[in-house]
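Colleague: Here it is: the structure, laid out below.
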Amino acid sequence: VQLQASGGGLVQAGGSLTVSCAASGRTFEIYHMGWFRQAPGKGREFVAAITWNGGTTYYSDSVRGRFFVSRDIAKSTVSLQMFSLKPEDTAVYYCASTRTYRRIYNSPEVYEYWGQGTQVTVSS
């Protein structure tokens, strides 16, 4: 599976932005699609995830109610809509996928495939 993230950019606090991830290759193997982010000097943080077939969604406490993850199976894409952005949301956002069910979906260690990341910068 190959993942290509896009859609990052610069936005003012309170604004919105959507980042997307296009999957190619053996997409039938995808179980979870996750979004993680990494700010300078910090570790990779779980943001949201969605099961590829069932569409079940998961969110971190820091983004729940502001971010929304969705997938389009026909287009093999996953999108992360981000609203009410805060300066602390500034990070490189990565999409990732697992091949099988993972009870712990919010750990980067369980994801086998990763996109290259896209920068999201929120100015105050």
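The values are calculated or read from the model by the stated rules, or taken from the named source; none is laboratory data. Keep in mind it's a predicted model, so treat the numbers as computed, not measured. For neighbour counting, all protein chains shown are included, and Cβ atoms are generated from backbone atoms with ideal geometry for every residue, glycine included. SASA here: full protein model, heavy atoms, side chains in, ligands and nucleic acids out. Shrake-Rupley method; radii C 1.70, N 1.55, O 1.52, S 1.80 Å.
Colleague: Can you figure out the FRET efficiency of Ser60 with Ser123, using R₀ = 22 Å and their beta-carbon distance, to the nearest 0.05?
Modeller: 0.50
Colleague: In addition: If you average 1/r over all unlike Cα pairs in the stretch 1-42 and invert the result, what Kirkwood radius do you get in angstrom?
Modeller: Roughly 12.7 Å, rounded to one decimal.
Colleague: Follow-up question, since we're still on this one. Within the stretch 26-64, whose backbone N sits under 15 Å from a point 7 Å along Cα→Cβ of Ser84?
Modeller: 60-64
Colleague: Given Cα pairs under 8 Å that are at least 6 residues apart, what percent is the relative contact order of the chain?
Modeller: Contact order relative to length: 36 percent.
Colleague: Using a Förster distance of 41 Å, how high is the FRET efficiency between Arg103 and Gln4, based on the Cβ-Cβ distance and rounded to 0.05?
Modeller: So the FRET efficiency works out to roughly 0.90.
Colleague: P(r) of the stretch 32-107 in 10 Å steps, Cα pairs, percent per bin?
Modeller: 19, 54, 25, 2
Colleague: What percent antiparallel are the DSSP beta bridges of the stretch 4-124, to the nearest 5?
Modeller: Bridges in the stretch 4-124 that DSSP calls antiparallel: roughly 90 percent.
Colleague: Compute the separation of the alpha-carbon centres of the stretch 78-110 and the stretch 39-69 and state it in Å as a whole number.
Modeller: If you average the Cα positions of each part, the centres end up 4 Å apart.
Colleague: At 1.4 Å probe radius, can you tell me the per residue accessible area of the stretch 1-107 in Å²?
Modeller: Averaged over the residues of the stretch 1-107, the accessible area is 50 Å².
Colleague: Also, quick follow-up: Return the carbon/sulfur percentage of the accessible area of the chain, one whole number, probe 1.4 Å, all protein chains in place.
Modeller: Using a 1.4 Å probe with all protein chains present, the chain comes out at 49 percent carbon and sulfur.
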